[in-house]
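Contents: one structure, followed by commentary.
The values are calculated or read from the model by the stated rules, or taken from the named source; none is laboratory data. Predicted, not measured: the structure shown is a model, and the values here were computed from it. Glycine gets a Cβ as well: all are built from the backbone with ideal geometry, and neighbour counts include every protein chain shown.
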């Protein structure tokens, strides 16, 4: 953390599409997929339920991208942790455009899968992965006496 700043984002949402992979010379790769987060509230003046969806561009790299490609499908629920990065690019008319991505550093699969499609035999346990590692260990639950 440089100069007392922090760039960290945590999201829980549903994938809007399958992971799209791009492979590079030298063996590296990146995976991209959209993630939808929803906000619901009651409009106090009309007493109607209002739902807003925000879309996030998720980018995951190398071995973690391959894990996401293999196990994440459109509609799956996933926890994403990472940092925000804005990219500048030019469209076909030469105009400068900007895109904000979430550079994923960790993820946890939250949609239960059958044991055939998951890396572990226990199909009800969420899977957590450091995006910089190739492992996919299960999350262990703490049974602390927390007040919430």
Would you confirm whether any residue within the stretch 76-92 is loosely packed, with under 10 Cβ neighbours inside 10 Å and out of contact with any strand residue (DSSP E or B) (no Cβ under 9 Å at 6 or more places or on another chain)?
-> yes
Options 19, 67: the member that is modelled with pLDDT of 95 or more, under 17 Å from residue 102 (Cα atoms) and buried (at least 17 other Cβ atoms within 10 Å of the Cβ) | 19
Taking the stretch 41-60 on its own, how many of its residues are without any contact (Cβ under 8 Å) to a residue 24 or more places away in the chain, under 20 Å from the mean Cα position of the chain (by Cα) and either surrounded by 10 or more Cβ atoms within 10 Å (Cβ to Cβ) or closer than 14 Å to residue 14 by Cβ (or both)?
-> 2
In the stretch 83-115, how many are assigned to a strand (DSSP E or B) and within 16 Å of the chain's Cα centre (by Cα)?
-> 13
Listed by first then second residue, the pairs whose first member lies in the stretch 82-95 and is farther than 17 Å from residue 56 by Cα, whose partner is not in a strand (DSSP E or B), with beta carbons under 6 Å and at least 6 positions apart or on separate chains, are none
